[in-house]
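Reading through the structure tokens given below for one structure.
Bear in mind these aren't lab numbers, they're just calculated from the coordinates by the rules spelled out. A quick note: this is a predicted structure, and the numbers were derived from the prediction, not measured. Here the Cβ positions follow ideal geometry from the backbone for every residue, glycine too, while neighbour counts run over all protein chains shown.
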Amino acid sequence: MPDAPEYTPRSVYTLEPHADLVTAENGYIPIEAIAERVYGKPYSSLRGCQRDDEHIGNDSVKLYELTSDGDYLQALGDLDGAEIYLGWDSRTGESAFKTGVTELDYWLSIRVADENTPATVGANPPATQDLENAVFEDRFFADRAFSPSLRLVLADLIRRGELPRGDYLFRHWW
């Protein structure tokens, strides 16, 4: 990508949710800013990280290993896989899945209401509800309903040439 920043080669990059603390040289990468530039939509790295590890909270650290070919190619395969787990459906006693759409495309289809588009789904839809093309009242509820895995987003950004190949440390703090 011609306008992608040049990063100093490192073995571990730190994902920083606060973009004003980041320079291309210090090894910190503003994941929300890059994701928004690439996908045209704000991305909640905390929610994405919680998809990978549901117990992660404030003041947490998680390492995403994407240096090896095996880990990187596995993440890309998972990203491009066409099955999204929607949750356990207690009515049927089975897991619910959405097929035929990637996690990124599913996430990008979810929108926030504006003056031209009314909300089509409540703030707290059931876990098994298919939210493709859903419109939420505000971004908080949209982010909470579905954010793609941070590991998969990182793999896609590496594939697109937006991020260097390496391992990524997610630090979440307030």
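Once every Cα of the chain carries one equal point scatterer and solvent is ignored, give the base-10 log of I(q)/I(0) from the Debye formula at q = 0.10, 0.12, 0.13, 0.18 Å⁻¹, two decimals.
Each listed q corresponds, in turn, to -0.40, -0.58, -0.68, -1.23.
What ranking do 140-153, 62-75, 29-42 get when scored by the average of other Cβ atoms within 10 Å per residue, highest first?
140-153, 29-42, 62-75
Can you give me the C-alpha center-to-center distance between the stretch 110-140 and the stretch 141-174, rounded to a whole angstrom?
When both Cα centres are located, 22 Å separates them.
Can you tell me the dipole magnitude for the chain around its Cα centre, using point charges on the Cβ only (Lys, Arg +1; Asp, Glu -1), in Debye to the nearest 20?
80
Per the helix-only calculation at 222 nm, which mean residue ellipticity applies to the chain, given -39500 (n - 2.57) for every DSSP H run of n ≥ 4 and division by its residues, nearest 500 deg cm²/dmol?
-8500 deg cm²/dmol
Taking H placed 1.01 Å from N in the peptide plane, check which residues at least 5 places from Leu169 or on another chain put their amide H under 5 Å from its amide H.
Correct list: Tyr13, Thr14, Leu15, Tyr64.
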